[in-house]
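Some notes on the structure that comes next.
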Amino acid sequence: MSTAAVADPTSESADAPAVPRKVSPFNPANAVTASRFLTLPPLYWAIDHGYHQYATLFILICGLLDKLDGLVAKVFNCRSAFGELFDAITDGICYGFGLIVVAAYGWAPWIPVAAIIFLGVSNTAMRFVYSWRAQRPMNYKSYAMERLVAYTGYLIGFATGGMEVRFFYWWFVPLMAVIVLYDTKRMLFDPIPAARAA
Amino acid sequence: MNELMSATAFKWFLTILTGGLAGAWFVYDSINLIRTRNLDRTDAVIRDRHFGYVMGIIIGVIGVLGCLKFHGVV
């Protein structure tokens, strides 16, 4: 299995060039990220059986694990490009699954859910284009989208908890559309920053 | 199978979880925006940060408003 190389700032010294440190994909942070998938079957079970509180608990655990993996990566010094990508993919799968299930069971309105999934897929496609334009694996850091991803986790919780579902879902769509438009301009048309020397 | 808590407790649990984070987020991004207001806005990364902070503030307002609606205040 290949390993992702990252520069380890702690290993640099004044007279020695920085040597990229190899980080195995089988590290504690990625294990925490992968464990988020374990919350999906019980989430489905709870929604299928109409247990609103259990469903909220499972999506809450999924969201907390999302926050925990970054902390674990810092503590164990195992941050990697693969880890960031794996985290983003896991976000998409977990929250996409949750949104589809709550909409399928009538706990959330279909139209905003469909719009959110469409915009999310579009944004992912733009990221691939951005990486292609840069001619290297490169993740576009969107401060606005980082905030919206947390809101996405909450959206599922609003549906499972029956909390002002229509209000939160319908407000989410224009916000996401504005952010995706802004990020699309940045990723497709604006100049790409030069690669930093290792 | 019983649920985890009473309906009232669950309602307040959701309110605190949502309102607490949304309120804190509103304050956090407002402070970020104020602190960085004098940075060079011709730099694309600074513009990205400002845009993110403004979106964070709006999300915070929506969260707090949703909590107030949930309790019939607005």
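The values are calculated or read from the model by the stated rules, or taken from the named source; none is laboratory data. Remember, predicted model here, so these are calculated numbers, not experimental data. Here the Cβ is made from the backbone with ideal geometry for all residues, glycine too, and neighbour counts use every protein chain on show.
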Practice task
Those residues that are surrounded by fewer than 16 Cβ atoms within 10 Å (Cβ to Cβ), more than 14 Å from chain B (Cβ to nearest Cβ) and among the polar types (S, T, N, Q), I need them from segment A:123-155; list them, please.
Solution key: A:Thr124, A:Gln135
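Would you point out which residue out of A:Phe37, A:Phe128, A:Phe118, A:Phe58 is without any contact (Cβ under 8 Å) to a residue 40 or more places away in the chain and either of a type in the set (Val, Ile, Thr) or under 30 Å from B:Met5 (Cα atoms) (or both)? Don't jump to the end; show me each part of the working.
Working: A:Phe37 fails: without any contact (Cβ under 8 Å) to a residue 40 or more places away in the chain; A:Phe128 fails: either of a type in the set (Val, Ile, Thr) or under 30 Å from B:Met5 (Cα atoms) (or both); A:Phe118 fails: either of a type in the set (Val, Ile, Thr) or under 30 Å from B:Met5 (Cα atoms) (or both).
Matching residue, one of A:Phe37, A:Phe128, A:Phe118, A:Phe58: A:Phe58.
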Exercise for the section: Just give me the residues in segment B:24-36 being surrounded by 11 or more Cβ atoms within 10 Å (Cβ to Cβ) and either in contact with a Lys or Arg (Cβ under 9 Å, 6 or more places away or on another chain) or not polar (S, T, N, Q) (or both), in sequence order. Expected result: B:Ala24, B:Trp25, B:Phe26, B:Val27, B:Tyr28, B:Asp29, B:Ile31, B:Asn32, B:Leu33, B:Thr36
Practice task
Write out, first by first residue and then by second, each pair whose Cβ atoms fall under 9 Å of each other, whose residues are 6+ apart or on separate chains, and whose first residue, in segment B:18-46, is within 26 Å of A:Lys185 (Cβ to Cβ) while the second is outside any helix (DSSP H, G or I).
Solution key: B:Ala44/A:Asp190; B:Ala44/A:Pro191; B:Ala44/A:Pro193; B:Val45/A:Lys141; B:Val45/A:Pro193; B:Ile46/B:Thr36; B:Ile46/B:Leu39; B:Ile46/B:Asp40
Exercise for the section: Kindly provide the set of residues from segment A:42-60 that are surrounded by fewer than 19 Cβ atoms within 10 Å (Cβ to Cβ) and of a type in the set (A, V, I, L, M, F, W, C), ordered by number. Expected result: A:Trp45
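Would you call A:Phe158 farther than 19 Å from A:Glu84 by Cα and surrounded by 16 or more Cβ atoms within 10 Å (Cβ to Cβ)? Explain how you work it out, then say what you get.
Details: farther than 19 Å from A:Glu84 by Cα: yes; surrounded by 16 or more Cβ atoms within 10 Å (Cβ to Cβ): yes.
So A:Phe158 fits the description; yes.
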Problem - Selection status of B:Gly52, crowded, with 17+ Cβ neighbours inside 10 Å, within 11 Å of another protein chain (Cβ to nearest Cβ), under 26 Å from A:Thr160 (Cβ atoms) and small (Gly, Ala, Ser) - result: no
Completion exercise
For segment A:160-194 the number of residues that are outside any helix (DSSP H, G or I) and without any contact (Cβ under 8 Å) to a residue 60 or more places away in the chain is 7
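Run down A:Gly120, A:Gly157 and say which single residue is in contact with a Ser or Thr (Cβ under 9 Å, 6 or more places away or on another chain) and under 23 Å from A:Leu57 (Cα atoms). It would help to see each step written out before you state the result.
Details: A:Gly120 fails: under 23 Å from A:Leu57 (Cα atoms).
Testing whether each residue is in contact with a Ser or Thr (Cβ under 9 Å, 6 or more places away or on another chain) and under 23 Å from A:Leu57 (Cα atoms) leaves just A:Gly157.
Would a scan of segment B:39-52 turn up a residue that is assigned to a helix (DSSP H, G or I) and closer than 22 Å to A:Tyr54 by Cβ? Before the answer, list the steps.
First pass over segment B:39-52, keeping only residues assigned to a helix (DSSP H, G or I): B:44-52.
Now narrow it down to the ones that are closer than 22 Å to A:Tyr54 by Cβ: none.
No, because not a single residue in segment B:39-52 is assigned to a helix (DSSP H, G or I) and closer than 22 Å to A:Tyr54 by Cβ.
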Completion exercise
Given (1) modelled with pLDDT under 90; (2) of a type outside the set (Val, Ile, Thr); (3) within 15 Å of the chain's Cα centre (by Cα), A:Met138 misses just (3)
